[in-house]
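Student: Following this message is one structure expressed as structure tokens.
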Amino acid sequence: MWLPCGCTSKYVASSFARRTLASYLHVSGRSRCNVAAFMPEAAGLEGVSGRAALRELSVSNSESFWAAVARHRLCWSTPFHTVQDCDLSRGKIKWFEGGKLNVSVNCLDRHVHTCPERVALIWERDERGSEMKYTYGELLEMTCRLGNLLRRHGVKRGDCVTIYMPTCPLAVASMLACARIGAAHNVVFAGFSADALAERIRDAQSSTVITVNQGVRGGKVTELKKTVDTAVQSCPTVKQVFVAMRTDNPVTMTARDIAMEEYVFSYHDGDVFGCVADIGWITGHSYVVYGPLANGATTVLFESTPIYPDPGRYWDMVERLKINQFYGAPTAIRLLLKYGDQWVNKYDRSTLKTLGSVGEPINTEAWEWYHRVVGDGRCPVVDTWWQTETGGICIAPRPSDPDAEIVPGMAMRPFFGINPVLMDTEGEVLTSNNTSGALCMAQPWPGMARTIHNDHQRFIDTYFQPYPGYFFTGDGAYRSEEGYYQITGRLDDVINVSGHRIGTAEIEDVVNQCPAVAESAVVGYTHSIKGQGVYAFVVLKKGIDVQEADLSRQLNGMVSEKIAKYASPDFIQFAKRLPKTRSGKIMRRVLRKVVESDLEGLGDLSTLDDPAAVQEIIQGHEKLL
Ligand code: WTA
């Protein structure tokens, strides 16, 4: 569940290109807050010039920094009296106490005030070539109407509304409408099963669900309303289900269901931010909805898949919608790389300025392909590290910096106000460079999580207990000689072979450099002599015809040469595809269970994209042994 609050965005990042904090804070008249009480209080910060000094100050004097940012980038209905009251040793995160703001006002009203005709959303519908555009004025109207509708039906401040919809304008308006009336929203990915949906509705104790009659993705129709019908049977709290029409096919309505109208909108030009994440994930929340809208940008809602109707879909969309920033996941890049360059080269990508990557470490080959082929070697690739818990990007290159070096596959530099540290196994801070450790944050920042809904103790135990006084990310990272960060993966993905600790991502990176390989996943398994052994799953590129035994030998040789002999896989299993979550992350937990032959322990598979992939992996594993 997401409770509306402040958020950061790439658009904030680009604004930092200006010279001083004062000038950065002096946002253009078009999107400036219209509230006199919040004019410059950046006293003491105004003299800071240069980005290095600004970042230094954002950490050493974080309170003044965030106070200035909050005052000048956001509209507050009541000003805050205390900037922060945080104590990482107790998991206490409080920002801007006494302050009140409405995130939907910040995302909509202030832009409508100055530029109502600017395009807010571009909906890249599943049916290629049928995109629709919505202005800030239209989105505000839709949001207000929805907010009123929810209110009329008894939804009030503090309630939690479950949204089970595809990535579409009405879903965005539903999120903003909840925020507008003070309700929390619980956006559930529209690919989830009835059971998975029911569990999330019960957890949120929602009395209201918003859905559509049917979804369309990759040319296939999904029966979303029917899934809701099944789910709510085991959710006694649900009193009403709002149903909008995504297709023309009628669905059975019950006494609990309320039909919603559809709206017609006009078409206008604008700047285009193309984050292709589903709104059911944090990337969709922060970089499709709240971040771009709060910054007055035009945002793309991508309803389809990267390979529907063919593997040129993203780049065809870039050409048609004139996308300037494209933000996607390494898993999709690896998938598309497999199909070859011709699908990219067919389309005009000259509008692209920046390419972003998020969600997993991006291996060198995918990074280079993204940069060289998609970005024609001219667009910087920003590998952005962050998590649901951090709310927004924390470590990423800043291409607008004058000294902006970018190293392939590295998340590079901490963002403004972010103070990362690496910890050793004893819980001591590693101060030197050229070192690896557990990635923690030494200071709070406003966008970070404040609790786990209904379970604050779990919040403390998970994030603040492992390294008292620090926020623990669960990830491992390497800090280079120059002080740049590279994320090495989840710490539970570190394996220990004959006493050598190695991140599985490092082995994958080498395997993926083989021209025949599309992607790979490496997991550890219990080995009677070495402690743990290395087991690699490998997916080949389309049309590759090689002897598996020869290729295995080649891959083993590459790993031995580039890392060390001990890291060379004991087993290499070739697979058609890997089990992935719907947000594209490889489900290593499942792979680990398969190689341990613990099929009973596969656990909850409800977030799995395609359950058939697991069966294939199990069969392949049995054959290999
Ligand atoms: C991983 C997604 C390497 C990491 C925004 C993190 C990354 C988890 C990167 C959060 C990156 C995200 N390089 N790993 N650039 N970005 N991760 O909550 O393990 O879905 O902890 O948030 O994804 O996943 P989540």
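Any read-out appearing in this document is the output of simple, stated calculations on the displayed coordinates, not a laboratory observation. Since the model is a prediction, treat every value here as computed from it, not as a measurement. No Cβ is skipped: glycine too gets one built from the backbone with ideal geometry, and neighbour counts run over all protein chains shown.
Student: Could you give me D for the chain, from Stokes-Einstein at 37 °C and 0.692 mPa s, where the hydrodynamic radius is the Kirkwood radius over C-alpha pairs? Units µm² s⁻¹, please.
Tutor: 129 µm²/s
Student: Please work out the FRET efficiency for the pair GLU428 and GLN342, using the Cβ-Cβ distance as r and a Förster radius of 51 Å; give the result to the nearest 0.05.
Tutor: 0.45
Student: Could you work out the Rg to Rh ratio of the range 71-210, with Rh taken as the Kirkwood radius (inverse of the mean 1/r over all Cα pairs)?
Tutor: Answer for the range 71-210: 1.02.
Student: Can you return the lysines within cross-link range of LYS542? Criterion is Cα-Cα under 18 Å, with same-chain partners fewer than 8 residues away left out.
Tutor: Partners within reach: LYS338, LYS576.
Student: How much of the pair distance distribution for the range 277-354 lies past 21 Å, counting alpha-carbon pairs only, in percent?
Tutor: Of the Cα pairs, 27 percent sit more than 21 Å apart.
Student: Hey, another quick one. Going by amide H atoms built from the backbone, whose H comes under 5 Å of the H on VAL421, apart from near neighbours?
Tutor: CYS440, MET441, ALA442
Student: Further question on the same structure: Relative contact order for the range 345-459: what percent, with Cα pairs under 8 Å and sequence separation of 6 or more?
Tutor: It comes to 19 percent, rounded to a whole number.
Student: If packing is taken as the average number of other Cβ atoms within 10 Å across a peptide's residues, how do 55-68, 421-434 rank, most packed first?
Tutor: 55-68, 421-434
Student: Just to verify a number: FRET efficiency for SER89 and ALA516, C-beta to C-beta distance, R0 = 45 Å, to 0.05?
Tutor: It comes to 0.35.
Student: What FRET efficiency comes out for ASP550 versus HIS527 if R0 is 22 angstrom and r is the Cβ-Cβ distance? Round to the nearest 0.05.
Tutor: 0.30
Student: Another question about this same structure. On a full-extension model of 0.36 nm per residue, what is the gain between LYS220 and ASP195, subtracting their alpha-carbon distance, rounded to one decimal in nm?
Tutor: Computed gain between LYS220 and ASP195 is 6.9 nm.
Student: On to the next question. For THR488, list long-range residues whose amide hydrogen, built 1.01 Å from N in the peptide plane, is under 5 Å from its own amide hydrogen.
Tutor: Those qualifying (amide H under 5 Å, at least 5 residues apart or on another chain) are GLY476, ALA477, TYR478.
Student: For the range 445-550, what number results from the quotient of the Cα radius of gyration and 2.2 N^0.38 Å?
Tutor: Relative to the rule-of-thumb radius for its length, the range 445-550 sits at 1.44.
Student: How much length is gained if the chain between GLN465 and GLU481 is pulled fully straight, taking 0.36 nm per residue apart and subtracting their Cα-Cα distance, in nm to one decimal?
Tutor: 2.8 nm
Student: Measure of size requested: the Rg and Dmax of the range 359-452, with Cα atoms as the atom set and Å as the unit; please supply both.
Tutor: When restricted to Cα atoms, the range 359-452 yields Rg and Dmax of 15.0, 45 Å.
Student: Give me the extension gain from LYS353 to ALA564: residue separation times 0.36 nm, minus the current Cα-Cα distance, reported in nm with one decimal.
Tutor: So the extension gain works out to 72.1 nm.
Student: While we're here: Which whole-number percent of Cα pairs in the range 167-210 have a distance greater than 18 Å?
Tutor: 30 percent
Student: Return, ordered by residue number, the residues of the range 519-541 whose backbone nitrogen is under 20 Å from a label point located 7 Å along Cα→Cβ of GLU600.
Tutor: Only 526 pass the distance filter.
Student: While we're on this one: Taking every pair of alpha-carbon atoms in the range 145-253, give the share separated by more than 19 Å as a whole percent.
Tutor: Considering the range 145-253, 38 percent of its Cα-Cα pairs are separated by more than 19 Å.
Student: Quick check: convex hull over the Cα atoms of the range 38-141, volume per residue in Å³, rounded to an integer?
Tutor: Cα-based convex hull of the range 38-141, divided per residue, equals 193 Å³.
Student: May I pose another question? Of the GluC sites (Glu not before Pro) in the range 127-205, which ones lie in a loop per DSSP and count no more than 13 other C-beta atoms within 10 Å?
Tutor: Hits after loop and neighbour filter: GLU127.
Student: I would also like to ask the following. Could you tell me the ratio Rg/Rh of the range 319-403? Both radii from Cα atoms, Rh via Kirkwood.
Tutor: Rounded to two decimals, Rg/Rh equals 0.97.
Student: Also, quick follow-up: Rounded to the nearest 500, what is the chain's calculated 222 nm mean residue ellipticity when only DSSP H runs of at least 4 contribute -39500 (n - 2.57) each, over all residues?
Tutor: Using -39500 (n - 2.57) per qualifying helix, the result is -8000 deg cm²/dmol.
Student: Assign one of three labels to the range 476-623, namely rounded, prolate or oblate, based on the Cα gyration tensor with a ≥ b ≥ c the square roots of its eigenvalues; rounded applies when a/c is under 1.5, prolate when it is not and a/b is larger than b/c, and oblate otherwise.
Tutor: Since a/c stays below 1.5, the shape of the range 476-623 is classed as rounded.
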